[in-house]
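Visitor: Pasting in a structure now, in structure tokens, and then I'll have a few things to ask.
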Amino acid sequence: MTKSSIPISWIVAGLMLGACGSDPALLTPSGQTYLRLYDGNDQYVRLGGKPQFPFKVRVTDADFRPVPNVEIRWRVEVIEGTLLSDPGGQPLANPVTVTDQLGYSSVSLLSSAAGLGNVVATADGHIGSPATFTLTVVHPLDVYVQFWPDFECPGPAVFLTPDRSGDIVITLGGTLLLQYGNFWLDHRCRARIVSVSEPPGGRKFDSDSMVPSEVYRFTPNVAGTWQLLDALNGGRGTLTARIP
């Protein structure tokens with residue numbers, strides 16, 4: 001058979017088979033399906049703003065193959081805010097989204113009250129539902145800083161300031177929200193941040209023993225600098241409160 005005599009029906013069939021092999025939407029899920037947190041957990045956002053990353057979930061089967069067209073219902077718990085479409089950023093009057101061909105679905109949030117809260121995604125009939133994101137909404141003067149072991153527990157604390165210097169700066173009147181790692185950190189890890197020196201009249205800094213994801217709040221009462229130490233593991237930093 002010459003090249004020119006190949007039946008058109010064979011060519012069409014071959015194209016269809018190729019499409020089936022490349023389009024995730026045409027894959028048939030095997031067995032049970034799962035709703036999983038994918039991105040956006042353990043974030044902080046300034047009051048009146050949006051988080052840096054959207055709250056994204058993924059639905060897959062046991063072999064991590066995507067499951068498209070799954071309805072995801074969203075709600076906000078504890079704090080106040082308006083759920084927004086992602087992408088687009090439009091308010092969602094009916095906060096329901098649908099997973100795409102790769103199994104992903106996401107929303108964002110416009111915060112309207114400070115505090116700790118949750119964004120919850122529900123997909124009926126899928127293992128892992130509901131999936132809960134945590135976030136911290138802070139006042140404009142507040143400062144949020146995470147600290148982690150330098151490598152793994154019990155490594156000395158490293159304060160993840162923007163310049164990685166460990167020098168935390170805050171405007172007097174704001175509150176420091178100091179978070180120990182997040183849910184990725186081994187649950188057996190512990191840390192305790194204390195002040196080894198305080199400015200004249202300044203309160204002592206003592207977080208007590210902290211578990212991963214725990215947040216300690218400290219509001220400086222005077223301008224000046226605190227020298228900080230992880231009393232359990234080592235690692236130092238500073239906290240400086242400045243007059244507005």
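Visitor: Tally Lys and Arg at +1 and Asp and Glu at -1 over the other residues with C-beta under 13 Å from the C-beta of residue 138: what net charge comes out?
Guide: So the surrounding residues net to +1.
Visitor: Next question. How high is the relative contact order of the range 143-242, given as a whole-number percent (alpha carbon pairs under 8 Å, six or more residues apart)? Please list the in-between numbers first.
Guide: Numbers: 249 pairs, mean separation 32.5, N = 100.
Once normalised by length, the contact order is 33 percent.
Visitor: Right, next: Given axes a ≥ b ≥ c from the Cα gyration tensor, I'd like to know whether the range 41-86 is rounded (a/c under 1.5), prolate (a/b larger than b/c) or oblate. Let's see the in-between values first.
Guide: On the way: a/c = 2.75, a/b = 2.15, b/c = 1.28.
Because a/c hits 1.5 or more and a/b exceeds b/c, the range 41-86 counts as prolate.
Visitor: By the gyration tensor of its Cα atoms, with a ≥ b ≥ c the square roots of the eigenvalues, what is the shape of the range 143-242: rounded for a/c under 1.5, prolate for a/b over b/c, or oblate?
Guide: Values: a/c = 1.85, a/b = 1.73, b/c = 1.07.
It is prolate, given that a/c is not under 1.5 and a/b is the larger ratio.
Visitor: Here's a follow-up. Taking every DSSP beta bridge with both residues inside the range 143-242, roughly what % is antiparallel (nearest 5)?
Guide: Details: 19 of 30 bridges.
Percent antiparallel among DSSP bridges in the range 143-242 is about 65.
Visitor: Same structure, new question: Considering Cα pairs under 8 angstrom that are at least six residues apart, work out the relative contact order of the chain and quote it in whole percent. Don't skip to the answer; put the middle values down first.
Guide: Numbers: 589 pairs, mean separation 37.5, N = 244.
Dividing the mean separation by the residue count of the chain yields 15 percent.
Visitor: Let me ask another. Kindly give Rg over Rh for the chain, based on alpha-carbon atoms, with the Kirkwood expression for the hydrodynamic radius. Don't jump to the answer; show the numbers that get you there.
Guide: On the way: Rg = 24.4 Å, Rh = 20.9 Å.
Across the chain, the Cα-based Rg/Rh ratio is 1.16.
Visitor: Rounded, prolate or oblate for the range 84-133? Axes are the square roots of the Cα gyration tensor eigenvalues, ordered a ≥ b ≥ c, and the cut-off for rounded is a/c under 1.5. Please list the in-between numbers first.
Guide: Details: a/c = 2.30, a/b = 1.27, b/c = 1.81.
Since a/c reaches 1.5 but b/c is at least a/b, the shape of the range 84-133 is classed as oblate.
Visitor: If each Cα of the range 33-138 is one equal point scatterer, what is log10 of I(q)/I(0) from the Debye formula at q = 0.19, 0.22, 0.24 Å⁻¹?
Guide: For the range 33-138, the Cα-only Debye profile gives -0.86, -1.10, -1.27.
Visitor: Report the local net charge at residue 179: Lys and Arg +1, Asp and Glu -1, summed over other residues whose C-beta lies under 13 Å from its C-beta.
Guide: On the way: positive: 217; negative: 42, 142, 214.
Cβ neighbours under 13 Å give a net charge of -2.
Visitor: Something else about it: Could you compute the net charge surrounding residue 83? Neighbours are other residues with a C-beta less than 13 Å from the C-beta of residue 83; K and R count +1, D and E count -1. Before the final figure, lay out the partial values.
Guide: Working: positive: 50, 73, 75; negative: 77, 80, 86.
Result for the neighbourhood of residue 83: 0.
Visitor: Once R0 is set to 41 Å, what does the formula 1/(1 + (r/R0)^6) return for the Cβ-Cβ distance between residue 208 and residue 32, expressed as a FRET efficiency to the nearest 0.05?
Guide: Values: r = 41 Å, r/R0 = 1.01.
FRET efficiency, residue 208 to residue 32: 0.50.
Visitor: Let me ask something else. DSSP loop (so not H, G, I, E, B), at most 13 other Cβ within 10 Å: list which chymotrypsin sites (Phe, Trp or Tyr not before Pro) in the range 154-244 pass both filters.
Guide: Working: sites: 159, 180, 183, 184, 205, 216, 218, 226; in loops: 183, 184, 205.
Answer in residue order: 183, 184.
Visitor: For the range 129-136, take each phi angle, set θ = phi - 60°, evaluate the Karplus expression 6.51 cos²θ - 1.76 cosθ + 1.60, and give the result in whole Hz per residue in order, putting x for glycine and proline.
Guide: Whole-Hz 3J(HN,Hα) from phi for the range 129-136: 8, x, 9, 10, 8, 10, 8, 10.
Visitor: Taking the range 63-158, which chymotrypsin sites (Phe, Trp or Tyr not before Pro) meet the DSSP loop condition and have no more than 15 other C-beta atoms within 10 Å?
Guide: Values: sites: 64, 74, 104, 133, 144, 147, 151; in loops: 64, 151.
Qualifying residues, ordered by number: 64, 151.
Visitor: On a 0 to 90 degree scale, rounded to 10, what angle separates helix 8-22 from the longest Cα axis of the chain?
Guide: Once rounded, one gets 20 degrees.
Every number in this text was worked out from the coordinates using simple rules, so none of it is lab data. From a predicted model like this one, the values you see are computed outputs, not experimental measurements. Quick reminder, even Gly has a Cβ in these numbers, built from the backbone with ideal geometry, and neighbours come from all protein chains shown.
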